[in-house]
Each structure stands twice: as structure tokens, then as C-alpha cells.
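The values are calculated or read from the model by the stated rules, or taken from the named source; none is laboratory data. Note that the structure is a prediction, hence the values are computed from the model and not measured. Every residue, glycine as well, gets a Cβ built from its backbone with ideal geometry; the counts of neighbours run over all protein chains shown. We work out accessible area using only protein heavy atoms, side chains counted, and drop any ligands, DNA or RNA first. Shrake-Rupley method; radii C 1.70, N 1.55, O 1.52, S 1.80 Å.
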Amino acid sequence: MSDSIKVALLGCGVVGSQVVRLLDEQADELAARVGAPVELAGIAVRRPQRHADVPAGLLTTDPAALVARPDVDVVVELMGGIEPARDLLLDALKNGRSVVSANKALLAEEGEALAAAARESGADLYYEASVAGAIPLLRPIQQSLAGDRIRRVAGIVNGTTNFILSAMESTGAGYADALEEAGRLGYAEADPTADVDGYDAASKAAILASLAFHTRVTAADVYREGIRDVTAADIASARALGCTVKLLAICEQVETADGGAVSARVYPAMIPRSHPLASVSGAFNAVFVEADAAGPLMFYGQGAGGPQTASAVLGDLVAAARNKVIGGRGPRDTAYAHLPVQPMGDVRTRYHVNVDVHDRAGVLAAVATVFADHDVSIATVKQEGRGGDDEGHGGEGTSPATLVVVTHEAPDAALRATVEALSGLESVRGVASILRVEDLGRPVSALGGSQ
Ligand code: NAP
């Protein structure tokens with residue numbers, strides 16, 4: 001058995017407290033797996049008085065001093081936020097300490113700087129817990145699929161929004177009621193902005209795209225729409241189409257005239273109920289990875305929670321500790337591909353558009369012409385409301401009706417231009433809702449790869 005591996009823990013909240021518990025409860029097994037005892041050197045918190053359950057001698061309010069201690073081998077960061085976490089981890093890495101973090105916001109923002117610091121000093125940087133909590137996802141992408149070519153990573157990576165959309169789907173509730181229920185059950189925070197506006201999912205999409213496509217993608221590169229505008233009517237429309245609505249993070253490597261690009265985007269979309277992601281309900285996460293040789297792979301499990309996230313953190317800690325014991329180092333982040341990020345306007349998908357119209361002769365033809373003028377091909381159109389029938393032959397007059405249009409695949413910019421032009425039509429009262437329809441079953445070859 002080697003000398004003990006000393007761990008500086010920054011943060012002892014929902015996740016950190018579970019790391020402390022597991023390190024204690026599993027001390028003997030962890031020592032056997034690592035080849036050395038794994039011991040806490042100290043725990044940095046803001047309010048020590050709130051942490052009566054951990055040995056007082058370990059607590060400190062000075063994380064910088066803890067990170068700088070010469071006996072520390074690995075720094076485990078579970079504080080969250082950009083600062084002071086960023087400076088603390090850069091200092092740790094520059095001084096050769098290995099780092100484990102669950103901080104998606106920091107990794108999505110400062111991944112390049114952290115990876116460079118790790119590379120220069122030869123330290124390890126692991127962050128499995130930053131995406132999809134307990135689910136082993138980053139290690140399979142980075143290591144198990146290192147010999148393959150990943151084409152698409154798409155999935156549900158935010159449990160709060162999945163809980164809300166699932167509740168809307170199963171009870172018919174509106175967004176506000178479902179959000180309130182999520183808050184009451186502890187699935188949504190008092191300020192749910194990061195979750196419901198898609199920031200959390202965008203950070204995770206940036207991390208996934210960076211690893212899958214060997215290109216540095218930041219959260220700011222990810223196109224983002226949240227779920228605040230999803231209505232009970234949207235959910236009902238999806239059901240009528242044989243679909244359900246999910247907040248998706250989609251990362252793809254696409255072929256372009258200039259030799260390829262990365263598309264990274266987060267938005268609510270309709271997906272067919274037959275797709276495995278459609279049955280992922282409540283606060284669960286699931287991610288589809290499609291690679292040339294491996295084909296489709298699905299990763300499913302709990303994307304948050306103290307013990308669940310601590311499991312992923314401990315997996316990283318064991319890896320970093322083992323490397324310290326044997327004198328090796330883990331795999332580096334690679335960003336050699338330097339692919340550009342595809343502008344959202346070029347992204348091709350299908351759309352479900354509800355157009356509120358005055359129900360009078362010729363309105364369907366006028367609306368269809370606007371779609372055709374912008375090269376957006378209509379797959380189906382249905383009229384709902386007074387005097388209409390399924391073919392859109394409405395009764396005469398000016399009573400309100402809704403045209404439900406589903407398009408074939410078209411570039412996002414063309415759909416935007418179509419919607420703008422529709423708003424200018426005298427017979428159109430407004431575009432009530434637009435939801436993308438994602439055909440995640442598109443074969444890898446459709447993205448430019450070989451089967
Ligand atoms: P949390 O419950 O809010 O705990 C944060 C901890 O950090 C607290 O112990 C806090 O001290 C400490 N802290 C914050 N700022 C500090 C500072 N400036 N100096 C010293 N200590 C400081 O957070 P969490 O839910 O455990 O999340 C931790 C990280 O894991 C975040 O990056 C989060 O995104 C990520 N994550 C969380 C989950 C989850 O299910 N919770 C899932 C995946 C990833 P006090 O206790 O004294 O206030």
C-alpha cells in the first residue's frame with residue numbers, strides 16, 4: 001500500500017456531503033482499488049456552523065489556502081459557479097494537483113484554460129459528474145469510443161425541465177402549474193432560470209460537443225431556447241401527431257462545403273413517441289450517442305441528486321488517485337479538429353407551426369404560397385376551428401381558425417423568414433406557436449457519414 005492520497009474538497013453541499021459520506025463508508029474498498037488510502041485533507045465551505053456532521057478539524061473557509069497545501073494530491077471542486085472555482089482550479093492544476101469537478105458552468109466556459117493548465121503540468125482533469133449526474137457518459141465518449149467517429153450526441157440532460165414537460169404531458173397541466181409542482185417536490189430551484197431557459201442544458205451540450213467532436217465548444221456557441229413558452233396546446237398538438245415534447249440537447253458533426261462543422265443546440269422539440277427518448281419521464285436523463293462503427297448507443301439514468309452525482313465524482317477521484325499511485329496520467333482533452341460551429345440559420349429540421357387565420361376562402365392557398373416562396377415544403381396541413389375541415393376548406397366569413405402546418409426539413413433561417421412573411425398577410429391573425437420536430441432516427445449517413 002502506498003502513502004495515502006490526500007483530497008482537498010471544495011464545497012460540502014448536496015453533492016459534497018455525499019462524497020464525504022461515501023469516502024468514509026467505503027474507505028477500505030477504495031483503498032484496495034486505488035492501492036493507497038484516500039483521505040480528506042480539508043473541506044472548504046462558506047458557513048462552517050452549518051456542517052456539524054463533518055469533523056470540525058477538516059473545515060476551513062479559506063479554499064485557496066487548502067488548495068495550496070503541499071500535502072494535497074487531488075482537488076475535488078463541488079462549489080459551483082465560475083469564481084472563485086476557476087482561479088482555485090487553475091492554481092491547483094498549475095501546481096500539479098489533479099482536479100475533479102462537477103461544475104458544468106465552469107467547464108463549458110473555461111474548459112480550454114483548465115485543459116491547458118492540466119496539459120502543461122501533467123495533472124489530471126476529470127469532470128464526469130458535470131453532465132448527466134450518475135450516468136457514465138463522458139468517459140465512454142472520450143475513452144470507449146476513442147477509436148470510432150461520433151456523429152451525433154442527442155438527449156435529455158436536464159431533469160427539471162423533463163419533469164415539467166412530463167407532468168404537462170401526463171396531467172394536461174400548463175407550464176406554470178407544472179413548474180410549481182416541480183418546485184414543491186424539490187425538482188426545481190427557487191430561481192429556475194438556469195434550468196427552464198436552457199442554460200444548464202447548453203453548458204452540458206458544449207461539454208458533450210467538445211469531447212465528441214474534438215473541437216472546443218463553449219456554452220455561448222450553443223443555440224438555446226428554453227421551455228417557458230411550451231403550452232398545454234403544444235403538448236396536445238404533439239400527441240395528435242404521435243409525438244411528445246422534450247427539451248433536447250443536440251450535438252452533431254455535419255458535412256459542409258467547407259469541410260464540416262459542429263452543430264450544438266438546445267430547444268424543446270417534438271419527437272416521435274416510438275423513439276426511446278420519448279419514454280424518458282420525470283427527472284431522469286438519457287442520451288443517445290451515434291457513432292459510425294458502434295451505431296446507436298443509449299445512456300440512461302439519474303442526472304442529478306447528491307448520492308447519484310457523488311458516484312460519478314468518486315469514479316473520477318479513484319481514477320485520479322490511481323494515476324497518482326502508479327505515476328501515470330489520464331487521457332487528455334483533444335481539440336485538434338478545430339471545426340467551426342454551424343450557424344443556427346443553416347440547421348435543417350422539421351417544424352410544426354400553428355397559424356391563426358381568418359377563416360375565409362383562399363387563406364390556405366395564401367399561407368401555402370408563403371411557405372413555397374421560402375422553399376419550405378409542407379408535409380401536412382390541417383385546419384382546426386369554426387367551419388373548417390381536414391383539407392382546409394373553411395367556411396366563408398371571418399371567424400377564427402388555426403392552420404396546423406407540419407413541414408419537411410428546411411433550414412432554420414428559411415422557416416424564420418416564412419414566419420415573418422406570414423405575419424404580414426392580411427388573412428393571418430398571428431403565428432401562435434412554432435415547435436421543431438426532430439427525427440432523431442435519421443441515419444448517420446444522412447449526416448454525411450458512412451453506415
Ligand atoms: P450546493 O448544495 O449549493 O453546495 C455548494 C457548496 O459549496 C456548499 O457547501 C457551500 O458552502 C460551498 N461554497 C460555495 N461557494 C463557496 C466559497 N466561495 N467558498 C467556500 N465554499 C463555498 O451545490 P451542489 O448541488 O452540491 O452542487 C455542487 C456542484 O455540483 C455544482 O457545480 C453543480 O452544478 C454540480 N452538480 C450538482 C448536481 C446536483 O444534483 N446537486 C448534479 C450534477 C452536478 P456552504 O455549505 O457553507 O454554503
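Across the stretch 61-85, what is the number of residues that are within 26 Å of A319 (Cβ to Cβ) and touching a helix residue (DSSP H, G or I) at 6+ places or on another chain (Cβ under 8 Å)? Please lay out each step first, then the result.
Just the residues of the stretch 61-85 that are within 26 Å of A319 (Cβ to Cβ), to begin with: 63-64, 66-82, 84-85.
Then drop every residue that is not touching a helix residue (DSSP H, G or I) at 6+ places or on another chain (Cβ under 8 Å), which leaves 63-64, 67-68, 72-82, 84-85.
Adding up the residues that qualify gives 17.
Residue-level check: of (1) open to solvent by 30 Å² or more (accessible area, probe 1.4 Å); (2) within 14 Å of the chain's Cα centre (by Cα); (3) away from the ligand (no atom under 13 Å from the Cβ), G155 misses just (1).
Pick from the stretch 81-101 the residues that are of a type in the set (A, V, I, L, M) and open to solvent by less than 50 Å² (accessible area, probe 1.4 Å): which of them is nearest to the chain's Cα centre (by Cα)?
The initial filter retains those residues of the stretch 81-101 that are of a type in the set (A, V, I, L, M), namely 82, 85, 88-90, 92-93, 99-100.
When the remaining residues are screened for being open to solvent by less than 50 Å² (accessible area, probe 1.4 Å), the result is 85, 88-90, 92-93, 99-100.
On the way: A85: 21, L88: 25, L89: 23, L90: 25, A92: 27, L93: 26, V99: 22, V100: 20 Å.
If we take residues in the stretch 81-101 being of a type in the set (A, V, I, L, M) and open to solvent by less than 50 Å² (accessible area, probe 1.4 Å), then V100 is nearest to the chain's Cα centre (by Cα).
Only one residue in D124, D87 is more than 19 Å from Q302 (Cβ to Cβ) and in contact (Cβ under 8 Å) with a residue 40 or more places away in the chain. Which one?
Working: D87 fails: in contact (Cβ under 8 Å) with a residue 40 or more places away in the chain.
Only one candidate qualifies: D124.
Is it the case that some residue within the stretch 273-281 is open to solvent by less than 60 Å² (accessible area, probe 1.4 Å), on the phi < 0 side of the Ramachandran plot, touching a Ser or Thr at 6+ places or on another chain (Cβ under 7 Å) and among the small types (G, A, S)? Full working, then the answer.
Step one: list which residues in the stretch 273-281 are open to solvent by less than 60 Å² (accessible area, probe 1.4 Å), which gives 275-278, 280.
With the extra rule that they be on the phi < 0 side of the Ramachandran plot, the set shrinks to 275-278, 280.
Narrowing further to those that are touching a Ser or Thr at 6+ places or on another chain (Cβ under 7 Å): 278.
Filter again for among the small types (G, A, S), leaving 278.
Checked against the condition, which is being open to solvent by less than 60 Å² (accessible area, probe 1.4 Å), on the phi < 0 side of the Ramachandran plot, touching a Ser or Thr at 6+ places or on another chain (Cβ under 7 Å) and among the small types (G, A, S), the stretch 273-281 yields at least one hit.
Does the stretch 59-80 hold any residues that are more than 22 Å from R322 (Cα to Cα) and either open to solvent by less than 40 Å² (accessible area, probe 1.4 Å) or not assigned by TED's automatic domain parsing to the domain that holds A105 (or both), and which are they?
Quick first cut of the stretch 59-80, residues more than 22 Å from R322 (Cα to Cα) only: 59-65, 79-80.
Passing the criteria: L59, T60, P63, G80.
Yes/no matrix, rows are residues, columns are (1) at pLDDT below 95; (2) more than 16 Å from the chain's Cα centre (by Cα); (3) open to solvent by 30 Å² or more (accessible area, probe 1.4 Å); (4) within 24 Å of G295 (Cα to Cα):
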| position | (1), (2), (3), (4) |
| --- | --- |
| A108 | no, no, no, no |
| E112 | no, yes, yes, no |
| A117 | no, yes, no, no |
| V131 | no, no, no, yes |
| S144 | no, yes, yes, yes |
| R149 | no, yes, yes, yes |
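Looking at V381, V363, just one residue is crowded, with 19+ Cβ neighbours inside 10 Å and either touching a Ser or Thr at 6+ places or on another chain (Cβ under 8 Å) or within 30 Å of A32 (Cα to Cα) (or both), and that residue is V363.
Residue pairs whose Cβ atoms lie under 6 Å apart, separated by 6 or more positions or on different chains, with the first residue in the stretch 9-20 and on the phi < 0 side of the Ramachandran plot and the second open to solvent by 40 Å² or more (accessible area, probe 1.4 Å) and within 6 Å of the ligand (Cβ to nearest atom), are L10/M79. Can you find a residue in the stretch 122-129 that is farther than 13 Å from L211 by Cβ, hydrophobic (A, V, I, L, M, F, W, C), in contact with a Leu (Cβ under 7 Å, 6 or more places away or on another chain) and not in a helix (DSSP H, G or I)? For the stretch 122-129, residues farther than 13 Å from L211 by Cβ, hydrophobic (A, V, I, L, M, F, W, C), in contact with a Leu (Cβ under 7 Å, 6 or more places away or on another chain) and not in a helix (DSSP H, G or I): present.
Taking residues in the stretch 47-69 that are closer than 28 Å to K94 by Cβ, and partners anywhere that are in a helix (DSSP H, G or I) and more than 11 Å from the ligand (Cβ to nearest atom), the pairs with Cβ atoms closer than 8 Å and at least 6 places apart or on different chains are P48/A56; A64/D91; V67/D91; V67/A92; A68/D91.
Note on the stretch 31-63: residues that are within 7 Å of the ligand (Cβ to nearest atom) and among the charged types (D, E, K, R) amount to 3. Could you tell me whether any residue of the stretch 329-336 is of a type in the set (A, V, I, L, M) and either modelled with pLDDT of 95 or more or open to solvent by less than 20 Å² (accessible area, probe 1.4 Å) (or both)? No: the stretch 329-336 contains no residue that is of a type in the set (A, V, I, L, M) and either modelled with pLDDT of 95 or more or open to solvent by less than 20 Å² (accessible area, probe 1.4 Å) (or both).
For the stretch 1-39, what are the residues that are surrounded by fewer than 18 Cβ atoms within 10 Å (Cβ to Cβ) and in a strand (DSSP E or B)? Listed by number, the list holds a single entry, E39.
Annotation note: of G305, G242, G295, G259, the sole residue that is within 16 Å of the ligand (Cβ to nearest atom) and open to solvent by 10 Å² or more (accessible area, probe 1.4 Å) is G305.
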